[in-house]
Amino acid sequence: MKKRYQLVGIICIIAVVAVMIAIWYFTQVHGMGSITFVEEGSVVIEYGDSYDPNECIKEIDGALKQPVEIDTKKLGEQTLHFLVIKDGREKEFTYVVMVEDTKAPIIEVSEKEVTLAVNDDYDPNHYLVSVKDPVDGDLPQSDEKKRGAYWLSDDVDMSTEGDYTLTVLAMDQAENEAQETIKIHVTSHRNSLPASHSYTGGYDSGADPYDCEPYYVNGILLVNKKHPLPPSFGGLDATAATALGELQAAALLDGFSLPTLSGYRSYEYQGTLYNNYVAIDGQEIADTYSARPGFSEHQSGMAFDVGAIDNNFGNTEAGIWLREHCHEYGFILRYPQGKEHITGYMYEPWHIRYVGVGSAREIHQRGITLEEYLGER
Ligand SMILES: [Zn+2]
């Protein structure tokens, strides 16, 4: 008899506990909203990116009471608070995400290749436009490798002829690194410099960069010895830069590498180059191989030197490809052979200018220069 009472008692206790659990379940858990998140620790967000915190949610039972805030401009772990509301009751869930900086600094140089004469002044900072990091901003120069800075390394010996390399290295606070190199050719004789942007005709005596407007004909900018650009005009042209990328990609598919050797040059930079040459050789000789500030088409942001700065480049397969195909991407060979008297510049098989596909095709097919196309000759 005693055993049976014991059994009934145990069953009663189990029954009461079961009912209590059921009541608790239906009031607390079942009635509450819930969230299932994506795998813990798998959400890493790039610094500064726009990010929708709802992407952390795999499943939600209920609704978010308010939008969840995330500050992607704060590095490190961040706890997100999700307030879920269901049947009028709220419950908070937290989830930890990580904001990281994985973007390398961006090094911008004005030239990829520089030719100097033995014992010329050489200042590596001349060729550096900027070193910026998407997170840390402008990076300062340092003598040695360190976080949040850039430093220079080279093997240049200005007293000896040769080909040298200047390397610009940068590292941001998160230890992302970037590198850019510039080839420095030191030659023994000034007259062995490539005839870059050579002078054959005279500058127009009335052409003054300080007293001119950018000269457009039918919407196309013309820069030559008659029509300079004012000092304030400048910047890389985004359309031209994109077209250049397409041209280089197409060349690569055909087996030719056409590296950018020189792109946008500011008025100030062209002035520094030109004045250096004038100081060494005098204006008359400097005018034979360097454009005066304001007169370089590179200031337009639509002119590029690609391939190789070498008069023989036009006879190479890559040079021929460039001449035959650049119009398909909106470019023309700006200083063609036999047109020196019209363009005012020696033949430059490496210098291309963006004018748009329609104009480039016509200029190519008719075998004319930009001056002739625009009726300026
Ligand atoms: Zn050029």
ask   = Expressed as a whole percent, how much of the Cα-Cα distance distribution for the range 103-192 exceeds 18 Å?
value = 45 percent
message = Nearest 500 deg cm²/dmol is fine: what mean residue ellipticity at 222 nm does the chain get from its DSSP H runs of n ≥ 4 alone, each adding -39,500 (n - 2.57), divided by its residue count?
response = -7000 deg cm²/dmol
ask   = Against the longest alpha carbon principal axis of the chain, how many degrees, from 0 to 90 and to the nearest 10, is the axis of helix 357-366 turned?
value = 30 degrees
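What does the charge dipole of the range 194-377 about its Cα centre add up to, to the nearest 20 debye, if the Cβ of each Lys and Arg holds +1 and the Cβ of each Asp and Glu holds -1?
Magnitude of the dipole: close to 180 debye.
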Relative contact order computed over the chain (Cα-Cα under 8 Å; 6+ residues apart), in percent = 11 percent
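Evaluated at 4 °C with a viscosity of 1.567 mPa s, what Stokes-Einstein diffusion coefficient in µm²/s does the range 293-374 have when Rh comes from the Kirkwood expression over alpha-carbon pairs?
102 µm²/s
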remark   = Taking Cα pairs closer than 8 Å and at least 6 residues apart, the relative contact order of the range 194-377 in percent is 26 percent
note = Note on the chain: alpha-carbon gyration tensor, axes a ≥ b ≥ c; rule is a/c under 1.5 for rounded, else prolate if a/b larger than b/c, else oblate; result prolate
ask   = Helix 267-281 versus the longest principal axis of the chain: what angle, 0 to 90°, nearest 10, using Cα atoms?
value = 40 degrees
request  = Would you mind pulling out the separation of the Cα centroids of the range 133-147 and the range 62-106, in Å?
outcome  = 31 Å
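Bear in mind these aren't lab numbers, they're just calculated from the coordinates by the rules spelled out. Because the structure is predicted, anything quoted here is derived from the model rather than measured. Cβ atoms come from the backbone with ideal geometry, glycine included; neighbour counts cover every protein chain shown.
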